[in-house]
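A quick write-up on the structure given underneath.
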Amino acid sequence: MNWGVKWEKFISTMEGEYFRELLLTGFLNTIKVAVLGLIIGIVIGTVIAVIKVAPKYSRINRVLDKICTVYVAIFRGTPMVVQLLLAYYVLLPMLGIKEVESIVVGIVVFGMNSGSYVSEIMRGGLNSVDKGQMEAGRALGLSYGTTMIKVVIPQAVKNILPTLGNEFITLIKETSVLSFITVYDLYTALSTIGSKNYEKMVPYLVMAAIYIVLVLLITLLVKLLENIFAKSDRARTNPKAKRA
Amino acid sequence: MNENNIILKVEGLKKSFGDGNDVLKGINLTVKQGEKVVILGASGSGKSTLLRCLNCMEDPTGGSIYFNGEDIADMKTDINKHREHIGMVFQQFNLFNNKTVLENIMMAPVHIGVTKYRKRAVKNFFIKLTNVFKKNKSELIPIEKTVKEIKAEAEERAYALLRRIGLEEKAEVYPSTLSGGQKQRIAIVRALAMNPDVMLFDEPTSALDPEMVGEVLDLIKTLADEGMTMVVVTHEMGFAREVADRIIFVDEGVIKEEGTPAEIFDNPKDARLKDFLSKVL
Ligand SMILES: Nc1ncnc2c1ncn2[C@@H]1O[C@H](COP(=O)(O)OP(=O)(O)O)[C@@H](O)[C@H]1O
Ligand SMILES: [Mg+2]
């Protein structure tokens, strides 16, 4: 195998403005879908988790709880590809929607899918917060929702940051299935570049390298966030601050 | 205040945690303004449950609880509105871990103050809107304080409370850096920041190291001397004797005996109370 030649071919392809832009578009689309998907996922997941842990006194709460159970079962019970295909090739035509970019469908499906996973992560996080925190808020006259938002959820998020980081990594990696609905993601871009000279080895290795770098960056970001959040228990993380 | 300054009036209070688990079986209790009531009873006798029913942290399954004349046991009552005026102190302190000491104290007064301000502002907006079409203009709801003033006032009060317990320099730290005694004293002033009509204490010193019990009891005693109405569950018999106007002995879901500290400690009548006292004194 002559890596020198393969590398040369790759470089010569990348000298074309068109292919450089292709790679950049693919890279940005991958990031866009993963980041926006995660944000939507966190919002949906938090709402579901709060519904799941809320007391079930009222009829509405019980109905909402059932809806969430079904939602989670559907989105966790089918592969992401299937969800993308159904949304893009079945649901959209059925609803008669034509004027929608495929990447928007990707973002929404990624968000809804991620929401089902984040809901379970978040539920664990909410349950990990001491019940006394909610009681203290309620005893002061704050509502369930206010105490949730101001006291319980921030502590839950802190506890689940590493797991949320994993979810983000999963999303980044799963963007490779976006090609199924014609979105130009990282995989599609490098695959196209590889087709140019029928030389796919280097492009695929580059693809792997980009994914790894992205994942490492996310890992770093999570560590940073953990340190920021850890300010509320300095005593435990920094022995010197014990008698502050 | 109403009817001879009665703050809390409990009538036939029952609490059951599911079938056959009847913890309270009909409690009658009246707390007058300025009165200090201490609840005694063996472990598991329902003292916490009784106390927690007083601000409906546990919803009673029977009976009524009149707070400032309104039945808060009624599920239709807006309980949050009443809880603003009932301070509660927990055995485990329950300071908000994600908030600094200052934020812990300021959070409820600011949030509740700002929420009220917003509600009024929205109402005024609609009054102004409808006034455009009216000959006789409706009056606007008076708004005494701006959001800024609400916050500034809460902060000033929080600092005053911290000064009072000598922990002003802890304003910016997080609870995890404090000792148990400091945490509990801050939990107490956090409740005081709402200007409550009555304070409920559930074994406030039971989770403390022995050397910190004193500082917390001293603070509670000072509040008592200042005339704060309080209901206290405690195992500190010295404190009960010194501070209580009235002691209540809870056993088997009812109040078995009730009286002044002298009556309860020096001349107990109920056999279970005698037995209880022989174990704790
Ligand atoms: N949330 C609950 N669910 C079921 N049982 C409970 C609950 N809270 C308290 N109990 C029961 O009620 C009884 C009284 O408890 P508690 O009021 O905490 O007693 P005390 O404070 O006097 O030690 C105990 O038998 C306890 O197991
Ligand atoms: Mg108890």
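The values are calculated or read from the model by the stated rules, or taken from the named source; none is laboratory data. The structure displayed is predicted, hence computed values, not measured ones. Note: ideal-geometry Cβ built from the backbone for every residue, glycine included; neighbour counts use all protein chains shown. Calculation scope for accessible area: heavy atoms of the full protein, side chains included, ligands and nucleic acids excluded. Shrake-Rupley method; radii C 1.70, N 1.55, O 1.52, S 1.80 Å.
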* **Amide H contacts under 5 Å for B:Glu58, placed H, 5+ residues apart** => B:Cys53
* **P(r) of the range A:3-243 over all Cα-Cα pairs, binned every 5 Å from zero, in whole percent** => 1, 6, 11, 13, 14, 13, 12, 10, 7, 5, 4, 2, 1, 0, 0
* To do: Mind pulling the angle between the C-alpha long axis of helix B:210-225 and the longest principal axis of chain B? Nearest 10 degrees, somewhere in 0 to 90.
  => 60 degrees
* Structure fact -> Taking B:56-63, B:197-204 and ranking on average Cβ neighbours within 10 Å, highest first, one gets B:197-204, B:56-63
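What value, in deg cm²/dmol to 500, does the helix sum -39500 (n - 2.57) over DSSP H runs of n ≥ 4 give at 222 nm once divided by the residues of chain A?
On the way: 12 runs with 184 residues, N = 244.
Roughly -25000 deg cm²/dmol at 222 nm, from the helical runs in chain A.
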* Asked: For labels at A:Ile97 and A:Ala54 in the simple 7 Å Cα→Cβ model, what's the distance in nm?
  -> 2.6 nm
* Scattering profile of chain B at q = 0.07, 0.09 Å⁻¹ [log10 I(q)/I(0), Debye over alpha-carbon scatterers] -> -0.31, -0.49
* Structure fact -> Plugging the Cβ-Cβ distance of B:Glu242 and B:Gln33 into 1/(1 + (r/R0)^6) at R0 = 22 Å yields, to the nearest 0.05, a FRET efficiency of 0.60
* Asked: If you stretched the chain out fully between B:Arg118 and B:Val147, how much longer would it get, using 0.36 nm times the residue separation minus the C-alpha to C-alpha distance?
  -> 9.6 nm
* Structure fact -> Tilt, helix B:101-131 to longest principal axis of chain B (alpha-carbon atoms), in degrees rounded to tens, equals 40 degrees
* **Positive-end residue, the range A:3-243 charge dipole about Cα centroid, Cβ charges, pick of A:Thr30, A:Met201, A:Gly96** => A:Thr30
* Asked: So what's the gap between the Cα centers of the range A:48-94 and the range B:144-188, to the nearest angstrom?
  -> 43 Å
* In nm, what is the difference between 0.36 nm times the number of residues separating B:Glu168 and B:Glu139 and their Cα-Cα distance? -> 6.1 nm
* Kindly list the residues of the range A:6-32 that lie in the label zone of A:Ile212, defined by a backbone N under 12 Å from the point 7 Å along the Cα-to-C-beta vector. => none
* Asked: In chain A, which helices (entire DSSP H runs) extend 15 Å or more along their own long axis, judged by Cα positions, while averaging at least -1.0 on the Kyte-Doolittle scale?
  -> A:3-14, A:17-53, A:59-77, A:102-128, A:153-174, A:186-196, A:201-229
* Average beta carbon contacts from partner chains per residue of B:99-112, 10 Å cutoff -> 3
* **Percent RCO, i.e. relative contact order, over chain A, from Cα pairs under 8 Å lying at least 6 residues apart** => 29 percent
* Asked: Hey, in the GNM for chain A with a 10 angstrom Cα cutoff, which one of A:Ser179, A:Ser114, A:Ser143 fluctuates hardest?
  -> A:Ser143
* To do: Using Cα positions and a limit of under 26 Å, work out the lysines in reach of B:Lys170, with same-chain residues fewer than 8 apart set aside.
  => A:Lys131, A:Lys150, A:Lys158, A:Lys231, A:Lys240, A:Lys242, B:Lys99, B:Lys148, B:Lys151, B:Lys183, B:Lys221
* Could you work out how far apart the two model spin labels at A:Phe229 and B:Ala160 are, taking each label as a point 7 Å from the Cα in the direction of the beta carbon, and quote it in nm? => 3.8 nm
* Got a sec to turn the phi values of the range A:89-101 into Karplus ³J(HN,Hα) couplings, 6.51 cos²θ - 1.76 cosθ + 1.60 with θ = phi - 60°, whole Hz, x for Gly and Pro? -> 9, 10, 5, 4, x, 4, 7, x, 8, 10, 7, 10, 5
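How much length is gained if the chain between B:Thr77 and B:Thr260 is pulled fully straight, taking 0.36 nm per residue apart and subtracting their Cα-Cα distance, in nm to one decimal?
Numbers: separation 183, 0.36 × 183 = 65.88 nm, distance 3.33 nm.
Stretched fully, the B:Thr77-B:Thr260 segment lengthens by 62.5 nm.
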* Could you tell me, in Å, what Rg and Dmax come out for the Cα atoms of the protein assembly as shown? => 30.6, 103
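Hey, can you rank B:85-91, B:120-126, A:213-219 by average C-beta count inside 10 Å, highest first? Please report the intermediate quantities before stating the final value.
Values: B:85-91: 23.3, B:120-126: 12.7, A:213-219: 14.6.
The most tightly packed comes first, giving B:85-91, A:213-219, B:120-126.
Please tell me the relative contact order of chain B in percent, rounded to the nearest whole number, where contacts are Cα pairs under 8 Å and at least six residues apart.
On the way: 464 pairs, mean separation 75.8, N = 281.
Answer for chain B is 27 percent.
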* Quick one: pull the percent of accessible area on chain A belonging to carbon and sulfur, 1.4 Å probe, ligands and nucleic acids left out. => 68 percent
* Asked: Between B:Lys25 and B:His235, what is the FRET efficiency for a Förster distance of 30 Å, r being their Cβ-Cβ separation, to the nearest 0.05?
  -> 0.85
* In nm, spacing of pseudo-spin labels at A:Val63 and A:Leu85 (7 Å Cα→C-beta vector) -> 3.5 nm
* So what's the angle, to the nearest 10 degrees on a 0 to 90 scale, between helix B:271-280 and the longest Cα principal axis of chain B? -> 80 degrees
